[in-house]
Amino acid sequence: MAILSWNCRGMGSKWTITYMRQIWYKHRPDFLFLSETKQDFTFVQGFKAHFGYDKLTTVEPNGSSGGLALFFNNDYQ
């Protein structure tokens, strides 16, 4: 089982998304936990299928700070 946790400091920038793809393809974690997403559920949900996860749990940001996202598959319910 592989778990990747990253304080991405906002998922809105192209650099962040590019780097996130690189580390995901390198490690292919079973769980991907992102902190400081600074994005709402709708935005973060777009990455669930892209990275091949079945489930997503989020905590909405408070204004322009915070936000958590946990991606995982049905195997780990």
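The values are calculated or read from the model by the stated rules, or taken from the named source; none is laboratory data. Since we're looking at a predicted model, the values are computed, not measured. Note that each Cβ is placed from the backbone with ideal geometry, even for glycine, and that neighbours are counted across all protein chains shown. The accessibility values were calculated without ligands, DNA or RNA, using every heavy atom of the protein model including side chains. Shrake-Rupley method; radii C 1.70, N 1.55, O 1.52, S 1.80 Å.
Just one residue in the set GLN39, GLN45, GLN22 is under 16 Å from ALA2 (Cβ atoms) and open to solvent by 40 Å² or more (accessible area, probe 1.4 Å); that residue is GLN22.
Kindly indicate whether any position in segment 51-58 is hydroxyl-bearing (Ser, Thr, Tyr), open to solvent by less than 30 Å² (accessible area, probe 1.4 Å) and at pLDDT 90 or above. Yes, because at least one residue in segment 51-58 is hydroxyl-bearing (Ser, Thr, Tyr), open to solvent by less than 30 Å² (accessible area, probe 1.4 Å) and at pLDDT 90 or above. Only residues that are farther than 9 Å from VAL44 by Cβ, within 13 Å of the chain's Cα centre (by Cα) and not polar (S, T, N, Q) were counted in segment 56-65, giving 2.
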